[in-house]
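One structure is given below, encoded as structure tokens.
The values are calculated or read from the model by the stated rules, or taken from the named source; none is laboratory data. Note that the structure is a prediction, hence the values are computed from the model and not measured. Positions of Cβ are generated from backbone atoms using ideal geometry, with glycine treated the same way; all protein chains shown enter the neighbour counts. Heavy atoms of the whole protein, side chains included, go into the accessibility calculation; ligands, DNA and RNA do not. Shrake-Rupley method; radii C 1.70, N 1.55, O 1.52, S 1.80 Å.
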Amino acid sequence: MLGPVILAASRSDRMRRLISAAPVTRQVVDRFIPGETVDEIVPIIQDLTSKGLELTMDVVGEDITTPQQAEAARDAYLALIDRLEELELGTRAEMSVKLSMFGQALDDGHDLALKNVRPVVEAAAAIGTTVTLDAEDHTTLDSMFAIHDELRKDFPQTGCVIQAYLFRTEADARRLAAGGSRVRLVKGAYKEPAEVAYQQKHEIDKAYVRILRTLMEGTGYPMIGSHDPRLISVAQELARRAGRKPDEYEFQMLYGIRSDEHLRLAAEGHRMRVYTAYGTDWYGYFMRRLAEKPANLRFFARSMLTRG
């Protein structure tokens with residue numbers, strides 16, 4: 001019940017100032033966002049990959065209001081790619097990008113976002129890795145899918161994200177599965193109206209399974225973005241029924257959540273990729289992590305009370 005309230009707070013400047021100013025906040029944020037700079041995040045990358053894990057890296061930040069800020073976001077990813085090249089990890093460290101960071105919401109935003117994200121995708125390919133386009137709220141998705149289609153003409157390994165709680169997603173999944181795309185399936189973490197999205201957890205879970213079956217039976221590469229033990233078991237069974245080998249799909253989970261499960265899946269021979277965010281503009285990302293799971297909110301509230 002608190003999820004929609006927290007998501008609304010993620011768009012509130014007043015709540016941003018209040019939460020950012022709380023002395024305990026930084027310590028709690030570190031659970032989900034382990035660094036602010038490339039130099040701080042490189043040891044995290046090295047530690048996780050040494051344990052047999054893979055990563056998708058996200059430079060946090062969404063509130064872009066000028067073309068100059070969008071270019072700065074592009075340059076931040078290019079700087080990350082420079083450091084990844086030194087580590088020689090290939091596809092073990094890819095990147096996730098939100099097109100809002102590249103200017104999607106500005107005037108001529110679709111063309112601007114494509115212009116800014118293309119050099120990132122090109123640079124990633126040059127070092128042997130790739131980029132996944134994150135899904136945002138439903139009003140941005142037609143643009144995101146169009147950019148995804150355009151990028152795949154030259155870089156077919158470019159991935160995208162679909163969200164199980166949206167009514168449209170089953171049709172999107174059929175198209176993407178038939179086209180051989182890399183697709184991360186998540187439940188969804190934005191506040192969406194009942195006209196476009198399921199509102200009840202059991203409805204979202206059922207949709208997730210239907211969509212995942214479509215992806216497993218298709219010609220693409222499914223990426224299971226979930227921490228739900230039941231859905232992880234379902235994914236393994238669907239992969240078995242579809243005749244997929246362990247390297248023909250992967251699990252993805254957030255940094256700081258169910259870390260023991262990350263290691264367990266990797267030890268069993270599964271590809272396990274950790275979604276690892278870093279940067280200074282962490283507020284929106286952090287609030288969605290609280291909204292996604294009651295345990296995250298309890299952790300934050302308990303820390304606030306303990307240190308308050």
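Points worth noting:
- Counting only Cβ charges, +1 for Lys and Arg and -1 for Asp and Glu, the dipole size of the stretch 63-179 around its Cα centre is about 360 debye.
- Distant-in-sequence amide H partners of residue 275 (H built 1.01 Å from N, under 5 Å): 56, 253, 254, 255
- Note on the stretch 115-210: with charges restricted to the Cβ of Lys and Arg (+1) and Asp and Glu (-1), its dipole about the Cα centre is near 280 debye.
- Computed from the Kirkwood radius of its Cα pairs, the Stokes-Einstein diffusion coefficient for the stretch 37-174 at 10 °C and 1.306 mPa s stands at 103 µm²/s.
- Three principal axis extents of the stretch 179-272 based on alpha-carbon atoms, in descending order, are 40, 33, 20 Å.
- Placing 118, 168, 241, 175 in order of accessible area, with the largest value first and a 1.4 Å probe, yields 241, 175, 168, 118.
- In the context of the full set of protein chains, the stretch 36-105 has a per residue accessible area of 42 Å² (1.4 Å probe).
- Rounded to whole Hz, the Karplus (6.51, -1.76, 1.60) HN-Hα couplings of the stretch 83-94, x for glycine and proline: 6, 5, 4, 5, 7, 6, 9, x, 6, 5, 9, 10
- Charge tally around residue 58: other residues with Cβ under 9 Å, Lys/Arg +1 each, Asp/Glu -1 each, net 0.
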